[in-house]
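Novice: Submitted below is the structure of interest, expressed as C-alpha cells.
The values are calculated or read from the model by the stated rules, or taken from the named source; none is laboratory data. Remember, predicted model here, so these are calculated numbers, not experimental data. No Cβ is skipped: glycine too gets one built from the backbone with ideal geometry, and neighbour counts run over all protein chains shown. Note: areas computed on protein heavy atoms with side chains; ligands, DNA, RNA excluded. Shrake-Rupley method; radii C 1.70, N 1.55, O 1.52, S 1.80 Å.
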Amino acid sequence: MSIVDADTAAHAASARPVVAPGPGLEALHRWVGQVASLTEPDQVVWCSGSDAENRRLLDEMVASGSIVALDSGLRPASYLARSDPADVARVEDRTFICSATEQDAGPTNNWRDPSAMREELTTRFEGSMRGRTMYVVPFSMGPVGGAISQVGVQVTDSPYVVVSTRIMTRMGADALAQIGPDSVWVPALHTVGMPLVTGADTRIEDVPWPSNATKVIAHFPETREIWSYGSGYGGNALLAKKCFALRIASAMAREDGWLAEHMLLIRVTTPAGKVLHVAAAFPSACGKTNFAMMTPTLPGWKVETIGDDIAWLRPGADGRLWAINPEAGFFGVAPGTGPDTNPAAMTTVRSNTVFTNVAMTLDGDVWWEGASDEPPAHLIDWRGQPWTPDSATPAAHPNARFTVAADQCPTISDDWDSPDGVPIDAIVFGGRRATNVPLVAEAEDWEHGVFFGSTISSEQTAAAEGPVGELRLDPFAMQPFCGYNMADHWAHWLEIGDRLGSKAPRVFRVNWFRKSSDGRYLWPGFGENVRVLEWIAARLDGDADVRWSPVGGLPGVGELDLTGLDLDGFALDQLFAVDPAAWSAEAEQLRAHYDRFGDRVPARLRARLDQLVRRLEDAA
Ligand code: OXD
Ligand code: MN
C-alpha cells in the first residue's frame, strides 16, 4: 500500500476539476489526481492486494466498528458487516445507462443524457470523500494477462469495497502491471457519499455503514466509464461485478465481437468420462449458485463449478465458443443456502468469508434462514438486535450475502481459471415458471435458441411486481444488466451464431419451477437436475430421441432417466404438457414484449414468433 498526501495529488486550481480518463498508465495517474482534486480525501492509497494490506484494512474496520470479527474457531478469518437498513440491494430505479441516445439504451434501461449526468455527478462527487481515505484499486476481470481478460481501476472511499473486491477479482499490483503506455482500462469511480468533514471544516463521527439517501449508479458505455454514488452495497458498489463485467462489458463485447452474459459456467463429466461445458442464464433469484455447485444424485456423474454468475464468451481460433468466468469469487445470497440445498456452498464459506446482513449466533458464528432446519434459540439479527424464533422478522436479511474466493469451493473445476477459458458445448436458458414452460426443451438451431433467450420470463407472484400471473420478461436474464438496447443484444447474438456456424453450441431451455394445478412443485430440483444434464449430454452425442413440439424438442418417451424418483406418470405429463391455448395467450404477451422494442427487433426473431403462433394453431 503506498500512501500519498492528497494535497500533492490535488490540483491547486480553484475551478472544479474535470475528470477525464484515457488509455495508458499516465492517463491513470492523471485521472486519480483529478478524482482526488474533486473528492478531496485526506489521503490517497494505491492498493497492492497484499495479505498485509488486507489484514490492515480488516483490523481497522474491526477497530472502528464497521465490521465484526467472527469467532476464530467457529468461522476462521471471517467477518460480518451490517449495512444501513436502507442500503441492502441493487437499486435498479437509480441505475442509468448514459449512452449518446435514448434509443441506444433501449426501453428496458433508465437513460440519462451523458453530459447532463456527468455534470450532476461531478457536483455530487465534489468534496464527497472529505475526511476519508481514497483507495485506488486496480483489478483484472479474468486471469491476469488472459486473452479474454480486461483491466479496471476502481477508486473508492469504502474499505469494505476494497476487501470485497480483493475476493471478487484479481486485485492489486499484478493487475496494475497490465496497464502499459496505451492499454485500455475501465475507470470505475465510487463514493459512499458521506464526507466526514463538512463545509465549515467540522469533522463529524463516522457510522458503521456510511451511505447516502440519494443513490446514482451511472454507466457511460461509449467512454466505458462507471460512476457510483451513495451506496456501499453489492452490485451498486463492487463495480467490477454487474457494472463492469455485465453492463460496460456487454457494450464492449458488442463492439469487439464477443459476449458478456449473466451466466453460470459448469463442467459436467459423464460416467463414461466424457466432459462437456455448459453456460446457463437464469434471472436473479432462480438458484444459479445452487445449480453451479450441484451435487448430482445420479451415480458416476460429476458437476464442477467454473462460475456462478457471469461468463465472457468469445469465438476461439478453432471456431468454437470459449468462455471464462471473469470473477474470482462468489457474492452469493445466503438465505436458502443450506446443507441440503447447497452443501458445496456451505463448505466454501467455512472460513475466509465476509458476510453481510446475516444473523450472528451468541458464540460468534453466523446463521441465516435455511442454514439449518432448526433456528438457534437466540441470535443477533442482521440489524444487530436480539432475535428468537418467535420474532416477527427474519434473522438474516433476505438479500444477505457471503463474499468468498472461488478457489475455496470444493466443487471448483481444475480449469476454472484457465486464461483461454473452456469450450462451450451447450447453452441453457431458464426462468421461474409455474405454468407452460416444460422441464427441458431443445432449440432447433442457434436462431431458435436466441428466440428462447429473448423470451426468458417468470410469472409475477406478488401484487407489488404487477398483475399476478402476468409474465415478467427478463430476456437473456440480462434485463437489469445489458449496457445497450436489448433488441440490439439479440441481433448481436444472431451475428455471433452466424460466425460460429456449425460449431455453435446447442441451446436448451429449462424450468425447474413448474407447478401442479394444486400448487406443488412437480420437479424436485437441486441435485436431481443432473437428470436434465444427462439428457442434454445424450442429445449432444446423438444418443437420445426428441419429440418436436411447438415450443421445442422434448425428451422422447423414456429418454429422461427417472429411476428412483417419486414421480408418477401424471406429474411427468404435467411437466412436459404444451397446452396450445395457454401458449397462444403467452405468445400474445411475447408479441407485446417484442413491440416495446419496435423495429430494433431482428426480423429473424419476429419470424420465429410468427412460426410459434402457426405451430400452436396447427396443434390446437
Ligand atoms: C446477483 C443478481 O446478485 O443477479 O447476482 O442480482
Ligand atoms: Mn446475478
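Novice: Rounded to the nearest 0.05, what FRET efficiency do ASN352 and ASP610 give with R0 = 56 Å and r taken as the Cβ-Cβ distance? Could you check?
Specialist: 0.55
Novice: Something else about it: Mind pulling the per residue volume of the convex hull built on the Cα atoms of segment 160-316? Å³ is fine.
Specialist: Measuring per residue, one finds 181 Å³ for the Cα hull of segment 160-316.
Novice: Moving on. When the Kirkwood hydrodynamic radius is evaluated over all pairs of different C-alpha atoms of segment 329-408, what value in angstrom, to one decimal, is obtained? Please list the in-between numbers first.
Specialist: On the way: mean 1/r = 0.0796 Å⁻¹.
When all Cα pairs of segment 329-408 are included, the Kirkwood radius is 12.6 Å.
Novice: Here is a follow-up. Name the residue from VAL551, ALA317, THR403 whose Cα lies farthest towards the positive end of the charge dipole of the chain, charges +1 on Cβ of Lys and Arg and -1 on Cβ of Asp and Glu.
Specialist: The listed residue farthest towards the positive side: ALA317.
Novice: Solvent-accessible area per residue for segment 69-116 at a 1.4 Å probe radius, Å²?
Specialist: Each residue of segment 69-116 exposes 46 Å² on average to a 1.4 Å probe.
Novice: To continue, here is another question. List the GluC sites (Glu not before Pro) in segment 174-248 that DSSP assigns to loop (not H, G, I, E or B) and whose Cβ has at most 11 other Cβ atoms within 10 Å. Which are they?
Specialist: Passing sites in segment 174-248 are GLU205.
Novice: In addition: Of all the C-alpha pairs in segment 66-125, what % are more than 16 Å from each other? Present the calculation step by step, with values, prior to reporting the outcome.
Specialist: Values: 1155 of 1770 pairs.
Of all Cα-Cα distances in segment 66-125, 65 percent exceed 16 Å.
Novice: Moving to a separate point now. Sequence gap of 8 or more, or different chains, plus Cα separation below 26 Å: how many lysine pairs satisfy both in the chain?
Specialist: 10
Novice: How large is log10 of I(q)/I(0) for segment 415-477 at q = 0.20, 0.22 Å⁻¹ when the intensity is taken from the Debye formula with one equal scatterer per alpha-carbon?
Specialist: These q points yield log10 I(q)/I(0) values of -0.84, -0.92.
Novice: Right, something else. Looking at the chain, what % of its DSSP beta bridges pair antiparallel, to the nearest 5?
Specialist: Approximately 70 percent, going by the DSSP bridge assignments.
Novice: So how much slack lies between GLU92 and SER372, counting 0.36 nm per residue of separation and subtracting their Cα-Cα distance, in nm?
Specialist: This chain segment gains 97.6 nm when fully extended.
Novice: Simple spin-label model, 7 Å along Cα-to-Cβ: VAL557 to THR101 in nm?
Specialist: If labels sit at VAL557 and THR101, their model points lie 5.6 nm apart.
Novice: In nm, to one decimal, how far is the modelled label at ARG520 from the one at GLU26, with both set 7 Å along Cα→Cβ?
Specialist: Simple spin-label model gives 7.2 nm for this pair.
Novice: Enumerate the residues in segment 171-191 having an amide nitrogen under 11 Å from the point lying 7 Å beyond the Cα of VAL18 toward its Cβ.
Specialist: none
Novice: Please work out the average accessible area per residue across segment 460-577, using the 1.4 Å probe convention, and give it in Å².
Specialist: Values: 5050 Å² over 118 residues.
Computed with neighbouring chains in place, this is 43 Å² per residue.
Novice: Rounded to the nearest 0.05, what FRET efficiency do ASP541 and THR297 have when you use their Cβ-Cβ distance and R0 = 25 Å?
Specialist: That gives a FRET efficiency of 0.75.
Novice: Also, I was wondering about something else. Let a ≥ b ≥ c be the square roots of the eigenvalues of the Cα gyration tensor of segment 271-347; is it rounded (a/c under 1.5), or, if not, prolate (a/b larger than b/c) or oblate?
Specialist: oblate
Novice: Could you please state how large a percent of the accessible area of segment 329-408 is carbon and sulfur, counting protein chains only and using a 1.4 Å probe?
Specialist: Roughly 54 percent of what the probe reaches on segment 329-408 is carbon or sulfur.
Novice: Sticking with this structure for a sec: Given contacts defined as C-alpha pairs under 8 Å and at least six residues apart, what's the relative contact order of segment 329-408, whole-number percent?
Specialist: Relative CO of segment 329-408 lands at 45 percent.
Novice: Which value does Rg/Rh take for the chain over its C-alpha atoms, Rh per Kirkwood?
Specialist: Rg divided by Rh gives 0.97.
Novice: Once phi is turned into ³J(HN,Hα) by the Karplus curve 6.51 cos²θ - 1.76 cosθ + 1.60 with θ = phi - 60°, what whole-Hz value does each residue of segment 579-595 show in order, with x for glycine and proline?
Specialist: 8, x, 5, 5, 5, 5, 5, 5, 4, 5, 5, 5, 5, 5, 4, 4, 4
Novice: Follow-up. Any chance you could get the radius of gyration and Dmax over the Cα atoms of segment 1-157, in Å?
Specialist: In order Rg, Dmax, the Cα atoms of segment 1-157 give 18.6, 55 Å.
Novice: Could you grab the relative contact order for the chain? Cα pairs under 8 Å, six or more apart, rounded to a whole percent.
Specialist: Details: 1364 pairs, mean separation 82.4, N = 620.
Rounded, it is 13 percent for the chain.
Novice: Express in nm, to one decimal, how much length is gained between GLN43 and ALA69 on full extension, taking 0.36 nm for each residue of separation and deducting their alpha carbon distance.
Specialist: Working: separation 26, 0.36 × 26 = 9.36 nm, distance 2.60 nm.
Contour length minus the Cα-Cα distance gives 6.8 nm.
Novice: Show that you can apply the helix-only estimate: for the chain, add -39,500 (n - 2.57) for every DSSP H stretch of four or more residues, divide by all residues, and state [θ] at 222 nm to the nearest 500.
Specialist: -7500 deg cm²/dmol
Novice: Label THR198 and ASP407 with points 7 Å out from Cα along Cα→Cβ: what is the distance between them in nm?
Specialist: With each label point 7 Å from Cα toward Cβ, the separation is 4.8 nm.
Novice: Still on this structure: State the percentage of accessible surface on segment 534-620 attributable to carbon and sulfur atoms; use a 1.4 Å probe and exclude ligands, DNA and RNA.
Specialist: Carbon-and-sulfur percentage of accessible area, whole number: 49.
Novice: Would you calculate the convex hull of the Cα atoms in segment 301-459 and tell me its volume per residue in Å³?
Specialist: Measuring per residue, one finds 162 Å³ for the Cα hull of segment 301-459.
Novice: Assuming 0.36 nm per residue, please report the length gained on full extension of the stretch ALA619 to ASP318 beyond their Cα-Cα distance.
Specialist: Between ALA619 and ASP318, full extension yields 104.3 nm more.
Novice: What number comes out for accessible area per residue over segment 329-408 if the probe is 1.4 Å? Units Å², please.
Specialist: Using a 1.4 Å probe on heavy atoms only, each residue of segment 329-408 averages 40 Å².
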